[in-house]
Amino acid sequence: MSKIYELTLFQKIVKKYVIGTFTRFYGEYIVNGRENIPVSGPVIFAPNHVNALMDALAVLSFTPDSYATVYLSRSDLFKKKIIAKILNFFKLMPAFRIRDGFENLGKNAETFDKCVELLDKNQTLCLMPEGNQELEHKIRPLVKGIFRIAFQTQEKVGQERPVKIIPVGVNIEHLVKYGKKIIVNIGKPIDVSEYMSLYNENQAVAINKIKAKLHADLCELTLNLATDKYYECFYTASEVASTEMMKKSSLENNTNGRFIARQKVSKILIEKEKNEETKIEKLNVLCEDYSRFLTKYKLRTSNIETGTEPVLLTAAKIILLISVFPVFLIGFLLNALPFLTPVFIRKKLKIKFEGFFSSVQYGVAILVTFPLFYLIQTLLFAFISGSELWLVALFVPFQYIIGKFSFIWYKLFKSVLAELRLKKITQSGEIKQIQSLYQQIIQLIF
């Protein structure tokens, strides 16, 4: 029987398939800091945790082919034997928490031993150091398990083979919707061997020191809205002020530039909450009013910033949408069932936590519905059309390609509707209230 850290040929094929579908699940997939991944040695990836399976796949998506990355996951997922076997196939091992019963915590020793073994074999491990997941964009207190494994491994392999902890910031634009943006920031390695002398003197002090280092690094790699009282305010304000911050910081107007700008704005807001809370209280009222207007008219900050476009341009978009509608309809009919069935299944499972939504839907889609429906539709196409084999073979990728086209059509359709709403409130004069709130928010921040 192969070890969990060994990759079979079938697992390598599955890994390629999963990575390919994962990166295409997002409209824009960005990875920064690949140069920080060590070429060899014991490596532990430590990402933030907001979106269940998708966080783990974000790490899988950039790991070299030679790495058989193993993950630790909540133990209650392993209760049923068949599920446990599937999870083991996908390189997951159980981690027991206090909520799983104090009597089960001792079982972590076996898991930790396996972790040390695979790291000793120069394989990689992925642990979510926050221990649990939340929807808010901020780094929570870290648990000690990752550091205990790291120090145990360093003791075993010796100083000549440093164990590296790699902080990873996973930043997802939307936790549920398909076609959104994802930015994965890979931080510089934390060398565990540098903390060993302190660890030999005082284990608790060494763990707290390296824990503080990892926490600080994760804060720098993510959008860390570190507030308990004004989270929604910080989220809205960082979005509103990002364009102005890009200008002030000479950042490129792209996805990375806007993300860095939001990080910078967030740091300003955190300091203002500490030193000028009266301003934050006023900002909170402005952001609530601003968000209420956007929700009412189904607009985004980008609509407010760009303003209305020429009427002829909007008319041209409408003509284009109408002219290619038949193509959209074909793509919709070929992809609606595989795309929407996972949503139906997720609702039937009565999963309530939003952080699991896209993970369940993505997992069901790539493993079941898309392969199954594409196969059935291809067989029906071959039977009905009587086409030659090469044409039937082309029908498989055609379903995906035309599905992507339909999604682009849908996005353009939604943007045209937003533009029509924006034109309407511009003509009525209501846009001035939103623009005024927008400017007041920026002035309070800067």
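The values are calculated or read from the model by the stated rules, or taken from the named source; none is laboratory data. Since the model is a prediction, treat every value here as computed from it, not as a measurement. Positions of Cβ are generated from backbone atoms using ideal geometry, with glycine treated the same way; all protein chains shown enter the neighbour counts. The protein model used for the area step is the full one, side chains on, heavy atoms only, and it has no ligands, DNA or RNA in it. Shrake-Rupley method; radii C 1.70, N 1.55, O 1.52, S 1.80 Å.
Can you classify segment 303-446 as rounded, prolate or oblate using the Cα gyration tensor, where a ≥ b ≥ c are the square roots of its eigenvalues, rounded means a/c under 1.5, and otherwise it's prolate if a/b beats b/c and oblate if not?
Because a/c hits 1.5 or more and a/b fails to exceed b/c, segment 303-446 counts as oblate.
Give me the accessible area per residue for the chain, probe 1.4 Å, as a whole number in Å².
53 Å²
For Cα pairs less than 8 Å apart in space and 6+ apart in sequence, what is the mean separation divided by the residue count of segment 263-389, i.e. the relative contact order in percent?
Contact order relative to length: 16 percent.
What lysines could a cross-link reach from K317, if we take a straight Cα to Cα line under 19 Å and drop same-chain neighbours fewer than 8 places away?
Within the straight-line limit of under 19 Å, K317 reaches these lysines: K404, K411, K414, K423, K424.
On full extension of the chain, what length is gained from K298 through K180, given 0.36 nm per residue of separation minus the C-alpha to C-alpha distance?
Additional length available on full extension: 40.7 nm.
Hey, what number do you get for the chain at 222 nm if only DSSP H runs of n ≥ 4 count, each worth -39500 (n - 2.57), divided across all residues, to the nearest 500?
Calculated at 222 nm, the ellipticity per residue is -19500 deg cm²/dmol.
Would you mind computing, in nm to one decimal, how far apart the modelled labels at I442 and L320 are, each placed 7 Å from Cα along Cα→Cβ?
Simple spin-label model gives 2.7 nm for this pair.
Which semi-axis lengths, in whole Å and largest first, follow from the square roots of five times the eigenvalues of the Cα gyration tensor of segment 278-324?
Semi-axis lengths for segment 278-324 are 35, 11, 6 Å.
How many nm is it between the label spots at K12 and E288, if each spot is 7 Å from the Cα in line with the beta carbon?
Placing both labels 7 Å beyond Cα along the Cβ direction yields 5.9 nm.
Kindly state, to the nearest 0.05, the FRET efficiency for V205 paired with N132, given R0 = 22 Å and r defined as their beta-carbon distance.
0.30
Please work out the Cα center distance from segment 1-74 to segment 347-408, rounded to the nearest Å.
First find each Cα centre; the distance between them is then 24 Å.
Just to verify a number: FRET efficiency for A109 and E281, C-beta to C-beta distance, R0 = 41 Å, to 0.05?
0.25
Let a ≥ b ≥ c be the square roots of the eigenvalues of the Cα gyration tensor of the chain; is it rounded (a/c under 1.5), or, if not, prolate (a/b larger than b/c) or oblate?
Cα axes put the chain in the oblate bin.
By how many nm would the segment from K81 to V327 lengthen if fully extended, with 0.36 nm per residue of separation less the alpha-carbon distance?
Length gained between K81 and V327: 84.0 nm.
Could you work out the relative contact order of the chain, using alpha carbon pairs under 8 angstrom and six or more residues apart, expressed as a whole percent?
Across the chain, relative contact order equals 16 percent.
With a Förster radius of 35 Å, plug the Cβ-Cβ distance of I408 and F344 into 1/(1 + (r/R0)^6) and report the FRET value to the nearest 0.05.
That pair, I408 with F344, gives E of 0.90.
Could you tell me which of rounded, prolate or oblate describes segment 159-212, using a ≥ b ≥ c as the square roots of the eigenvalues of the alpha-carbon gyration tensor, with rounded for a/c under 1.5 and, failing that, prolate when a/b is larger than b/c and oblate otherwise?
prolate
Which net charge results when you count Lys and Arg as +1 and Asp and Glu as -1 among the other residues whose beta-carbon is under 13 Å from that of N48?
Cβ neighbours under 13 Å give a net charge of -4.
For the chain, with all protein chains present and a 1.4 Å probe, just round the carbon and sulfur fraction of the accessible area to a whole percent.
Carbon with sulfur: 62 percent of the solvent-accessible area.
Report the full-extension gain for the segment K248 to Y231: residue separation times 0.36 nm, less the Cα-Cα distance, to one decimal in nm.
Net length gain for the segment: 3.7 nm.
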